[in-house]
4 protein chains.
Amino acid sequence: MTTQADAQPPCYYGDYIMLDRLLSCQMRESERRGRPAHDEMLFIVVHQAFELWFKQILHELDRVQEDFSHAPLEDTHLGRIVQGVERINAIFKLVVQQFDVLETMTPLDFLDFRDLLIPASGFQSAQFRMIEIRLGLKSEDRLLIGGKPFDAGLSEADRARIERALDGPKLIDQLDRWLARMPFVAQRDYVFHDAYRDAVVRMLEADVARIHASEFMSEAQREMELNAIVAALERFKALFAPDEGHEHWRLSLAAVQAALFIAVYRDQPVLQLPFRLLAALMDVEESLRLWRYRHALMVQRMIGVKVGTGGSSGYEYLSATADRHRIFNDLFQLSTYLIPRSALPPLPAELRERMGFVYADRSKP
Amino acid sequence: MTTQADAQPPCYYGDYIMLDRLLSCQMRESERRGRPAHDEMLFIVVHQAFELWFKQILHELDRVQEDFSHAPLEDTHLGRIVQGVERINAIFKLVVQQFDVLETMTPLDFLDFRDLLIPASGFQSAQFRMIEIRLGLKSEDRLLIGGKPFDAGLSEADRARIERALDGPKLIDQLDRWLARMPFVAQRDYVFHDAYRDAVVRMLEADVARIHASEFMSEAQREMELNAIVAALERFKALFAPDEGHEHWRLSLAAVQAALFIAVYRDQPVLQLPFRLLAALMDVEESLRLWRYRHALMVQRMIGVKVGTGGSSGYEYLSATADRHRIFNDLFQLSTYLIPRSALPPLPAELRERMGFVYADRSKP
Amino acid sequence: MTTQADAQPPCYYGDYIMLDRLLSCQMRESERRGRPAHDEMLFIVVHQAFELWFKQILHELDRVQEDFSHAPLEDTHLGRIVQGVERINAIFKLVVQQFDVLETMTPLDFLDFRDLLIPASGFQSAQFRMIEIRLGLKSEDRLLIGGKPFDAGLSEADRARIERALDGPKLIDQLDRWLARMPFVAQRDYVFHDAYRDAVVRMLEADVARIHASEFMSEAQREMELNAIVAALERFKALFAPDEGHEHWRLSLAAVQAALFIAVYRDQPVLQLPFRLLAALMDVEESLRLWRYRHALMVQRMIGVKVGTGGSSGYEYLSATADRHRIFNDLFQLSTYLIPRSALPPLPAELRERMGFVYADRSKP
Amino acid sequence: MTTQADAQPPCYYGDYIMLDRLLSCQMRESERRGRPAHDEMLFIVVHQAFELWFKQILHELDRVQEDFSHAPLEDTHLGRIVQGVERINAIFKLVVQQFDVLETMTPLDFLDFRDLLIPASGFQSAQFRMIEIRLGLKSEDRLLIGGKPFDAGLSEADRARIERALDGPKLIDQLDRWLARMPFVAQRDYVFHDAYRDAVVRMLEADVARIHASEFMSEAQREMELNAIVAALERFKALFAPDEGHEHWRLSLAAVQAALFIAVYRDQPVLQLPFRLLAALMDVEESLRLWRYRHALMVQRMIGVKVGTGGSSGYEYLSATADRHRIFNDLFQLSTYLIPRSALPPLPAELRERMGFVYADRSKP
């Protein structure tokens, strides 16, 4: 086991990870100009560490998206897809911690070299843009940066990279198609959305009865509660009505329904991994938003209300992206439409069986 | 949805989590004696936070162990078992962070109240002992504390709690039985351990040939490499020989083989969740060891080489437990016996099919 | 050292931290109603852990605010003030991690008991409100919760607690007074703000000259840059003009100037701890904002766009507080007014000496 | 402020951090051989991120050690020395988190490319060795790796780097000299170690009296307690006896006494930063030990009991280094010799004054 597979010449750590080259990439602009600023090294190293990890995220997306490009998706690929998305999340959680180190630099120390960098800016990270794009962020949903599109300041080469990402598949679309294809959701004599809608109606009707019977409520409260129920009912109906406007969702109606199906019947063997996948995508969305928010706070601390080196409005722009540049937001919205387990419509026995493993299939001889 | 299920009287946050009672549990001994030590509050709060979380871990173990008590284990329970173990790990990772807060107390501040606590000690945490016991730590594997058994200093009531835990099921035993029952590992015309052993032998023979042919090796190196292969072969043989001593393993031979099977064929649908379970148990083991080590470092920082308040040798004892009080160590040992994917014996088609989902079963009409 | 100070009866861990009482505070409402929801325990434990830590933060504020109430502040107290604020920050960083554990609960699991809690809500945490108030959050700056003031849903007892906090000293005001009293900022023949303003003017004039001389700029760029400099100059003037509107600042003009003085001359012995204090307060502000934002994300994940159990608009409210409920924001704004070290006006020798230690004072015989 | 300091040609993010070069350093050996292993990318990226951060740590050591090379150390440098050491600690805490990402790789995935790396190993990280050396780890204190010295497997160039580090100043020696020079510890009519020893003796004598008077103790207990006091007294005497063997300490006797002085009188203005420096060094020691332990656990998980790629015994070696490769251990030992604040000998008024700031000096006209 410990033998060298092909009797190659021995491998050396420093050569293997190309250390000489890697460690020759930290050239302080302030040093080049003869007035070395101590903390510029930290600034460079932290950005390089970000970019290394972004490369790794893109590498993970390569395989996840490749696996997703198979239709139907191979059941044997699902485990590693989930692991890939979870690893992307682990990386985002790590790089958020990098701000703890960067913030050991004080604003005054930053001023020692800040002017030398103008107009360079982290906004020019092509890899970060590619991650956003390949996950599914649409160019038209992006906020302008200082009145200009997000790729305004990029080099030819970086713009070309981004163009390729824009032309390629987006994870959210791949997810959409996979969800929309999900069997089980509509069978010969079981249509999930009918059963679910009926359960919702039953539950809300019971609520109405309980409200009318309650001794604890004032008339005003009673009216408010009843109005809330009417609103809830409307919301549910829209979810199941294909002809209604579906404008609040990015995913297709079929995909949203399948995601809901997965969320509520996640214990069925065939849904356990899909459930984890949806949870992992929500984790990524959350970590990405935390990254943006943390980034915004750091910028505000470093430069106050000044414009950033990239000419953007700094904090305002960055904190706005945390809220606006969402991708898998539909998965968060889904929680709005869950009903308690006790109110869930039961699955037909035949359907449950199809969602189990062959080895456990009692219908088989 | 937002209505009050049974029109109960309105629930109040402070009442619901019993805040008045909870916040009346922090009585500083130093204050009672008239010389309040500021940091004693931190000392109490951090230990109470530990105990709250330990209670939650025991609560998770309740369900995980209950689910495991079904034979065969329900496929629909596997998802929540994994989530339970993962939550236990998330809690351990959190409480390790609590040392960061505790270490904002300096040794000198600790001295302001330390003597008042003698001989109380975190070693007297019955809940922590119960967690260890229910996971599977054996009393006979425990290090003595200051020459005495681990429960020497405990109260009657705490000893009774520990007695009950000792009498109850242990997670590692439940895991062992579940693994040993795993179908697939031995079928009519496929016996995993034969196939695996053959693959190992083939791989090692190829290694031997390559070593003989290598131009890069000195005679001494060649001999060393060949000896290493012989040793590896012996190790593998022992793994598959029921009559050989199995003393290095805590799990049964059948369980170890099943765990190995899961590790190498984890992409098969039926093994994806079991694989995650084994990984989650390793995570728990690792977090628990990190907790112990972090605890040891904190004690050393706080009291140097003095004996702890509980009369133990403090750092020495605690850091030794990190290394010695292992539970799921067999899962770490397993890595020793993995072979590269390219050398794995292929699974028979019929077996692969049985490990898949019913819905995808092409053999069914 | 290890003897028992007053030969008291021996102390027992479980009694000392009042474990029986502490662990009797987790009563699941769902269990009381006969349908125990597994995850309600986690929900209770995480909120209790929050409250324990909030109590500790209030305990730290007790001493920090007491130390600050001395005028002049004792130099020997500064070290422990900084440690107190840093500990508060360490606690906030820890409790943010608690969301990682809480989010192992899925929205569907939350639904199993959510309706039983209505209208209880974390918004009803009196301790959290007290922390906000004592740090300095003003009632009039608070967002309404569902159209009502923040204390609308509180019990009599909790309202009384909050009233007391509102009547007591606020850390930001104490900081303001201490900063405004700072000697050094204005001396017989050295007035910091004059010297600083002159340095800024000199720096900006040099910038103007450089812009006129630049070959790399288009006419449009040149005009834009010149306008930016005019704007910067206005901003600086306002900072030093007592009669100008000071409406963008919460701190007094004298306090802002002192904070600026500390930031730029932080290496002087007498300013090293004050500088750390300002940095620690910024850390607390940042951690508090991260806590709010993380809380908002968790709520959105758990209940989507539904209203929270407390009747608030949930996510919208919480994420808005992250941006709006700021306290030490002036310290972040300060970065706007920093100038590079190379442009700083030098300190007069006599002043430098006064800022040093007695032992090193060469003027003394 | 936002103008370009010298009207240089505009700076571009990708050029500034040399992204093309940086991102060309990830060459998978498995890909070069035509069988790309997905996870090899992660393996390379995580090691490169380690090395980037190690470079930053060395950069911080450059300045900290340069500042320390001034005798006497400038009071104005102390703030940034502390910040430098704290940043080193922040970096170690970050890189420990990187193991969370690395452990998303499973042992089976590692096997896909592990053999290609032989005999490369993280043990060959010259930068890590340089950090250890410059902090103060002695070559003779190092464990052997597989029977060979730690630099056995290194290249010529790496060995030369290490040689330079071995020839240069060590932080612990610089600390030693600075501590030993500390004024205050011995004055005309105040000698700290006499005063402290007297206080210890007084305190222990009072303990003896209390033990004799206690009603709660059995005779056996009484004897045990009295013996403990005798042992404590011996320990203290040795600490203050220059002619006694000082073999348990790495620091000089004078340095140890000064560190003790700082620890107990840390509230005096002149000691506040020195106290933080000692605390920060303990944090670094602790983080470094956690890094080593975490590394050991990861290796055990990945390869079980097999030897590492570098020929070492892997886990055993690494976990042993966590315990044995200590540098600032004396600072931890110090806690053994602390006595409660209430027993501390008071500082003479004149000495207190010398430890304060000039501005507050009432003895000055």
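The values are calculated or read from the model by the stated rules, or taken from the named source; none is laboratory data. The structure presented is a predicted model; accordingly, all values stated were derived computationally and were not measured. With ideal geometry, Cβ positions are generated from the backbone for all residues, glycine too; neighbour counts draw on all protein chains shown. Heads up: the accessible areas ignore ligands, DNA and RNA and are worked out on the full protein's heavy atoms, side chains in. Shrake-Rupley method; radii C 1.70, N 1.55, O 1.52, S 1.80 Å.
Structure notes:
- Filtering segment C:311-351 to residues that are within 30 Å of C:V201 (Cα to Cα), touching a residue at least 60 places away in the same chain (Cβ under 8 Å) and aromatic (F, W, Y) leaves C:F328, C:Y337.
- Condition check for B:E205: farther than 21 Å from B:P340 by Cβ and over 30 Å from the mean Cα position of the chain (by Cα): no
- Set A:D112, A:D100: member being within 15 Å of A:L297 (Cα to Cα) and of a type in the set (D, E, K, R): A:D100
- Residues in segment A:159-175 that are buried (at least 18 other Cβ atoms within 10 Å of the Cβ), of a type outside the set (V, I, T) and more than 10 Å from A:M130 (Cα to Cα): A:K170, A:L171, A:Q174, A:L175.
- Within segment D:40-81, the only residue that satisfies the criterion of being charged (D, E, K, R), within 14 Å of chain C (Cβ to nearest Cβ) and open to solvent by less than 30 Å² (accessible area, probe 1.4 Å) is D:D67.
- If you go through segment A:82-98 and keep only what is buried (at least 20 other Cβ atoms within 10 Å of the Cβ) and either closer than 25 Å to C:F275 by Cα or of a type in the set (D, E) (or both), you end up with just A:Q98.
- In summary, B:V185 fulfils each of the numbered conditions (1) touching a strand residue (DSSP E or B) at 6+ places or on another chain (Cβ under 9 Å); (2) of a type outside the set (S, T, N, Q); (3) within 14 Å of B:K237 (Cβ to Cβ) with the single exception of condition (3).
- Conditions (1) touching a helix residue (DSSP H, G or I) at 6+ places or on another chain (Cβ under 8 Å); (2) under 26 Å from D:L239 (Cβ atoms); (3) more than 7 Å from every other protein chain (Cβ to nearest Cβ); (4) open to solvent by 10 Å² or more (accessible area, probe 1.4 Å): number failed by D:L347: (1)
- Identification of helices (runs of 4 or more DSSP H) wholly contained in segment D:202-312 with 3 or more residues that are at pLDDT 85 or above yields D:253-264, D:269-303.
- Condition broken by D:P346, with the remaining ones in (1) in contact with a Leu (Cβ under 8 Å, 6 or more places away or on another chain); (2) in a loop (DSSP other than H, G, I, E, B); (3) not hydrophobic (A, V, I, L, M, F, W, C) satisfied: (1)
- When segment C:314-338 is limited to residues that are more than 7 Å from every other protein chain (Cβ to nearest Cβ) and in a loop (DSSP other than H, G, I, E, B), the one that is farthest from C:A263 (Cα to Cα) turns out to be C:G314.
- Single residue of segment B:84-104 satisfying the filter (without any contact (Cβ under 8 Å) to a residue 60 or more places away in the chain and facing another protein chain (nearest Cβ under 7 Å)) that is farthest from the chain's Cα centre (by Cα): B:V101
- Scanning segment C:176-201 for residues that are in a helix (DSSP H, G or I) and surrounded by 14 or more Cβ atoms within 10 Å (Cβ to Cβ) yields a count of 13.
- Where a residue in segment C:163-180 is on the phi < 0 side of the Ramachandran plot and its partner, wherever it lies, is of a type in the set (D, E, K, R) and buried (at least 16 other Cβ atoms within 10 Å of the Cβ), with Cβ under 8 Å and at least six apart: C:A165/C:R129; C:A165/C:R134; C:G168/C:R134; C:P169/C:R134; C:K170/C:R134; C:L171/C:R134; C:I172/C:R250
- Some residue of segment C:114-135 being in contact with a strand residue (DSSP E or B) (Cβ under 7 Å, 6 or more places away or on another chain), of a type outside the set (D, E), modelled with pLDDT under 95 and buried (at least 18 other Cβ atoms within 10 Å of the Cβ): yes
- Those residues of segment B:9-29 which are in contact (Cβ under 8 Å) with a residue 60 or more places away in the chain and out of contact with any Leu (no Cβ under 6 Å at 6 or more places or on another chain), in sequence order: B:R28
- Just one of the listed residues (D:E286, D:E223) is surrounded by fewer than 21 Cβ atoms within 10 Å (Cβ to Cβ), more than 30 Å from C:E74 (Cα to Cα) and without any contact (Cβ under 8 Å) to a residue 40 or more places away in the chain, and it is D:E223.
- Scanning segment D:350-361 for residues that are within 7 Å of chain C (Cβ to nearest Cβ) and either assigned to a helix (DSSP H, G or I) or crowded, with 17+ Cβ neighbours inside 10 Å (or both) returns D:E353, D:R354, D:M355, D:G356, D:F357, D:V358, D:Y359, D:A360.
- Scanning segment D:176-192 for residues that are touching a helix residue (DSSP H, G or I) at 6+ places or on another chain (Cβ under 7 Å) and either closer than 19 Å to D:R250 by Cα or of a type in the set (D, E, K, R) (or both) returns D:D176, D:W178, D:L179, D:A180, D:M182.
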